[in-house]
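Read-outs throughout are calculated quantities, based only on the coordinates presented, and are distinct from any laboratory measurement. Small disclaimer: the values here were computed from a predicted structure and weren't measured. Quick reminder, even Gly has a Cβ in these numbers, built from the backbone with ideal geometry, and neighbours come from all protein chains shown.
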């Protein structure tokens, strides 16, 4: 029975409570993405299509799969930190706190860019988001180096998105 059996893969044991925590972490991250997508949907076919965009803007179909993978990696990273101990441990508490801040800033970006249709406010947010991701990565590293590495693709994508956001703001005064 899975509830009492430990699965060994790559040095990580996964029992039923661990699996449920992993699922919860991934679902929380995906939920942040779903919430952000409601703001995105409100402007995607109207306001956003009328914006001047830089030549390096990816096609629209790229964003959904990329974000799905990134939110999954973020959830796995959060789970790796969470399973190392409890929130009574100041290192874990700080890491989780920073993770929740960056996740909130991530969701806020969609509300600012698409909901309020403000590339400038979104740019301020995404710069804070990049800083929060860096802080989260640094807090994850001593707890779980793998968790820190799992945040690197997210940081890279958000850095690219910040350049894209800044370009859209500049092209659409």
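Worth pointing out:
- Hey, residue 64 assigned to a helix (DSSP H, G or I), within 22 Å of the chain's Cα centre (by Cα) and touching a residue at least 24 places away in the same chain (Cβ under 8 Å) or not: no
- Residue in the stretch 124-173 that is surrounded by the most Cβ atoms within 10 Å (Cβ to Cβ), counting only those that are within 19 Å of residue 44 (Cβ to Cβ) and in contact with a helix residue (DSSP H, G or I) (Cβ under 8 Å, 6 or more places away or on another chain): 126
- Residue match in the stretch 26-44 (condition: surrounded by fewer than 20 Cβ atoms within 10 Å (Cβ to Cβ), out of contact with any strand residue (DSSP E or B) (no Cβ under 8 Å at 6 or more places or on another chain) and not in a helix (DSSP H, G or I)): yes
- In the stretch 71-129, residue nearest to residue 143 (Cα to Cα) [restricted to those that are in contact (Cβ under 8 Å) with a residue 60 or more places away in the chain and in a loop (DSSP other than H, G, I, E, B)]: 84
- Residue check for residue 59: more than 17 Å from residue 116 (Cβ to Cβ), over 18 Å from the mean Cα position of the chain (by Cα), touching a residue at least 60 places away in the same chain (Cβ under 8 Å) and surrounded by fewer than 16 Cβ atoms within 10 Å (Cβ to Cβ): no
- Of the residues making up the stretch 130-158, just one is under 14 Å from the mean Cα position of the chain (by Cα), within 17 Å of residue 79 (Cβ to Cβ) and without any contact (Cβ under 8 Å) to a residue 12 or more places away in the chain, namely 149.
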